[in-house]
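Everything below concerns the one structure shown next.
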Amino acid sequence: MSTGGAVAPTLSHDRSWRHFVRHFLEMVVAMIVGMAVLGTIIRLILLPLLGFSYAELADLTELRALVMATNMVIGMSLWMRHRGHGWASVWEMAAAMYLPFIVLFVPFWAGLLSGRAVVSLGHLLML
């Protein structure tokens, strides 16, 4: 029976797809855990020690975005190393976390994006 040129999914393709989805979900969870745990430490310990409030950090879009990306990178890097990924893969993931924010800083500085848009779009682009 002809499928019109379409290739039927194979068992290997199915496993590859499931592996991708599982890895993606693991990374999202690691990202959220990194943001939650490290963000809490920053809010409750680091900012008060430095004499800053969270509201002051929230007003500094670039710093806020880079701190958030760092929290995510730390969480995901720990998980990736735990799962046996090499350093090249970890660095690639880290670049994918920082690059969207860095690219979005240009239109932010030009007044074309709000700070909230930078943070929201940065998260969307990194996924």
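Taking only the stretch 98-125 into account, find how many residues are without any contact (Cβ under 8 Å) to a residue 40 or more places away in the chain and either of a type in the set (Lys, Arg) or closer than 18 Å to ALA30 by Cα (or both). Spell out how you get there, then give the answer.
Of all residues in the stretch 98-125, those without any contact (Cβ under 8 Å) to a residue 40 or more places away in the chain come to 98-104, 106-107, 109-114, 116-117, 120-121, 123-125.
Next, only the ones that are either of a type in the set (Lys, Arg) or closer than 18 Å to ALA30 by Cα (or both) stay: 98, 116, 123-125.
Number satisfying all stated conditions: 5.
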_Residues that are touching a helix residue (DSSP H, G or I) at 6+ places or on another chain (Cβ under 8 Å), within 25 Å of LEU113 (Cβ to Cβ), open to solvent by 50 Å² or more (accessible area, probe 1.4 Å) and hydroxyl-bearing (Ser, Thr, Tyr): does the stretch 57-66 have at least one?_
no
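GLY84 - would you say it is on the phi > 0 side of the Ramachandran plot and either in a helix (DSSP H, G or I) or open to solvent by less than 70 Å² (accessible area, probe 1.4 Å) (or both)?
Taking the combined requirement at face value, the residue satisfies it.
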_Residue that is modelled with the highest pLDDT, among those in the stretch 1-55 that are surrounded by 11 or more Cβ atoms within 10 Å (Cβ to Cβ) and among the polar types (S, T, N, Q)_ = THR40
_So for the stretch 97-105 (the condition being modelled with pLDDT under 95 and either polar (S, T, N, Q) or outside any helix (DSSP H, G or I) (or both)), does at least one residue qualify?_
no
_Residue that is nearest to ALA69 (Cα to Cα) [pool: residues in the stretch 14-53 that are without any contact (Cβ under 8 Å) to a residue 24 or more places away in the chain and of a type in the set (D, E, K, R)]_ = ARG43
*Of all the residues that make up the stretch 67-81, how many are open to solvent by less than 30 Å² (accessible area, probe 1.4 Å) and within 14 Å of VAL119 (Cβ to Cβ)?*
3
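The values are calculated or read from the model by the stated rules, or taken from the named source; none is laboratory data. None of these values were measured; they are calculated from a predicted model. We place every Cβ from the backbone using ideal geometry, glycine too, and count neighbours over all the protein chains shown. Note: areas computed on protein heavy atoms with side chains; ligands, DNA, RNA excluded. Shrake-Rupley method; radii C 1.70, N 1.55, O 1.52, S 1.80 Å.
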